[in-house]
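The values are calculated or read from the model by the stated rules, or taken from the named source; none is laboratory data. None of these values were measured; they are calculated from a predicted model. Please note: Cβ atoms are built from the backbone with ideal geometry, for glycine as well, and neighbour counts cover all protein chains shown. Accessible surface is based on the protein model in full, side chains and every heavy atom, while ligands, DNA and RNA are left aside. Shrake-Rupley method; radii C 1.70, N 1.55, O 1.52, S 1.80 Å.
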Amino acid sequence: MSSGARIGLVVATVVVIALAFVLLSPGDDNTSNTTSTTAPPPPAQANGTGGSSPTTTTVAPPPAPSFETIEVRGGKPVGGVKKITVTKGEHVRIEVASPDTSDEIHLHGYDLKRDLKAGGRVRFSFPADLEGIFEIELEGAGTQIGKLVVEP
């Protein structure tokens, strides 16, 4: 194998490893950038070919995680108390939104709290490490707006 072919093989191997690393690396919930990898141009060969421009590959970020949304209007959950079911160990993502209600949102059992302002939204994101049925409540009003069911 000629030294030019070996160099080309090494460059191709590095590009494949870098691309595999980018594609297989775990992301987080806040990923919002694209990732680019640039391969160096192949070395010039004795016949004058090669040495062309670098090749760029752009990899799109993974889709944003989805949230189960509970909408509150007039101090009541739209569509009734929302049931959210997950399996223990899964990641739970809950969003509460309201155009007209301000209150503290309390997820019982996990004892998580967020202050919801009228016209706003709050989010909960956590691992489901406790099994059971947990009430999601407008704390000040004492109104249940949802229930989280964590199954084994």
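Kindly indicate whether residue 145 is within 22 Å of the chain's Cα centre (by Cα), closer than 13 Å to residue 77 by Cβ, surrounded by 14 or more Cβ atoms within 10 Å (Cβ to Cβ) and modelled with pLDDT of 95 or more. Give the derivation first.
Numbers: within 22 Å of the chain's Cα centre (by Cα): no; closer than 13 Å to residue 77 by Cβ: yes; surrounded by 14 or more Cβ atoms within 10 Å (Cβ to Cβ): yes; modelled with pLDDT of 95 or more: yes.
Taking the combined requirement at face value, the residue does not satisfy it.
Sub-7 Å Cβ pairs linking a first residue in region 129-152 that is within 15 Å of residue 110 (Cα to Cα) and basic (Lys, Arg) to a second residue that is outside any strand (DSSP E or B) and open to solvent by 70 Å² or more (accessible area, probe 1.4 Å), at least 6 apart or interchain, are 147/81, ordered by first then second residue. Residues in region 103-118 include none that are within 25 Å of the chain's Cα centre (by Cα), open to solvent by 20 Å² or more (accessible area, probe 1.4 Å) and within 19 Å of residue 79 (Cα to Cα). For beta carbons closer than 7 Å, sequence separation of 6+ or different chains, a first residue in region 96-125 that is more than 14 Å from residue 69 (Cα to Cα) and a second that is of a type in the set (Ser, Thr, Tyr) and assigned to a strand (DSSP E or B), the qualifying pairs are 118/98. Among the numbered conditions (1) crowded, with 17+ Cβ neighbours inside 10 Å; (2) of a type in the set (A, V, I, L, M, F, W, C); (3) over 20 Å from residue 65 (Cβ atoms), the only one that residue 81 does not meet is (1). Taken over region 45-81, the residue count meeting the criterion of being touching a helix residue (DSSP H, G or I) at 6+ places or on another chain (Cβ under 7 Å) and modelled with pLDDT of 80 or more is 1.
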